[in-house]
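Accompanying notes for the structure given below.
The values are calculated or read from the model by the stated rules, or taken from the named source; none is laboratory data. A quick note: this is a predicted structure, and the numbers were derived from the prediction, not measured. Because the Cβ atoms are built from the backbone with ideal geometry, glycine has one as well, and the counts that use them run over all protein chains shown. These accessible areas exclude ligands, DNA and RNA; they are computed on the full protein's heavy atoms, side chains included. Shrake-Rupley method; radii C 1.70, N 1.55, O 1.52, S 1.80 Å.
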Amino acid sequence: MSKLFEIDILILRLIRNHRIELFDAGLIFFSKSTYLIAAGIILYLGFLVFWYKKESIKNFFLRLICMLFTVTLIAILLKYTVLRTRPFDLYPDIINLSGANSPSFPSGHTIIAFTLAFGLLFSYLKWYYCLSIVVWAVIVAYSRLALGAHYPSDVMISIIIAFFTALAFRNFTLCKWRLIAK
């Protein structure tokens, strides 16, 4: 197990040491944009549900809310069960550029960004609608590493959790929700 931790910190140091410091402000922006963009997408979909009253939009809105709620719950439970120390707290050469202060594992920013990305991809939208959110999610994940907030394994597990959560809710519809509620 210690070999995996050594690989984890080696990869993190490679990313941190080879980043272009000029882009740090941009990475901080992308990192901080995660929850704002998630809220914006939810509000926009909520507006579309109210305005158009289409079943397909309601289903997508409900799926996305359920996915985000689920991954948030998973992330909080894992963070405060595992209690993994942030890399900048253990290694003096890793500088904290993110302002993070909760436990490291998993990456909450990455899990939210990739849940949105996979949620859009699994909604069968055309690829060009999804491309910008997928690129944004990749930049968010990279920013968490380059800013020294997470280990690569934190980010990878977050992406895996987001993928399987989105996959689990892929076919979830309002009709199924009504059957469960009865």
| task | Inspect all residues belonging to segment 159-173 and state whether any of them is at pLDDT 90 or above, within 28 Å of L22 (Cβ to Cβ) and under 14 Å from the mean Cα position of the chain (by Cα). | result | yes
| query | Could you say whether any residue in segment 8-23 is open to solvent by less than 100 Å² (accessible area, probe 1.4 Å), touching a Phe, Trp or Tyr at 6+ places or on another chain (Cβ under 6 Å), in contact (Cβ under 8 Å) with a residue 40 or more places away in the chain and not in a loop (DSSP other than H, G, I, E, B)? | reply | yes
| task | Please work out which residue is farthest from F169 (Cα to Cα), limiting yourself to segment 86-129 and to residues that are in a helix (DSSP H, G or I), among the hydroxyl-bearing types (S, T, Y) and open to solvent by less than 30 Å² (accessible area, probe 1.4 Å). | result | T110
| query | What are the residue pairs meeting all of these: first residue in segment 55-70, first residue closer than 11 Å to T165 by Cβ and charged (D, E, K, R), second residue open to solvent by less than 50 Å² (accessible area, probe 1.4 Å) and in a helix (DSSP H, G or I), Cβ atoms under 8 Å, and 6 or more apart or on different chains? | reply | R63/G119
| task | For segment 28-49, enumerate the residues that are among the hydroxyl-bearing types (S, T, Y) and open to solvent by 30 Å² or more (accessible area, probe 1.4 Å). | result | Y35, Y44
| field | Top-ranked residue of segment 102-132 - restricted to ones that are of a type in the set (A, V, I, L, M, F, W, C) and modelled with pLDDT under 90, ranked as nearest to L167 (Cα to Cα) | value | F122
| query | What number goes with the only condition from (1) aromatic (F, W, Y); (2) modelled with pLDDT of 90 or more; (3) more than 30 Å from K58 (Cα to Cα) that F88 does not pass? | reply | (2)
| task | Please go through segment 50-73 and pick out each residue that is at pLDDT 80 or above and buried (at least 17 other Cβ atoms within 10 Å of the Cβ). | result | K58, N59, F60, F61, L62, R63, L64, M67, L68, T70, V71
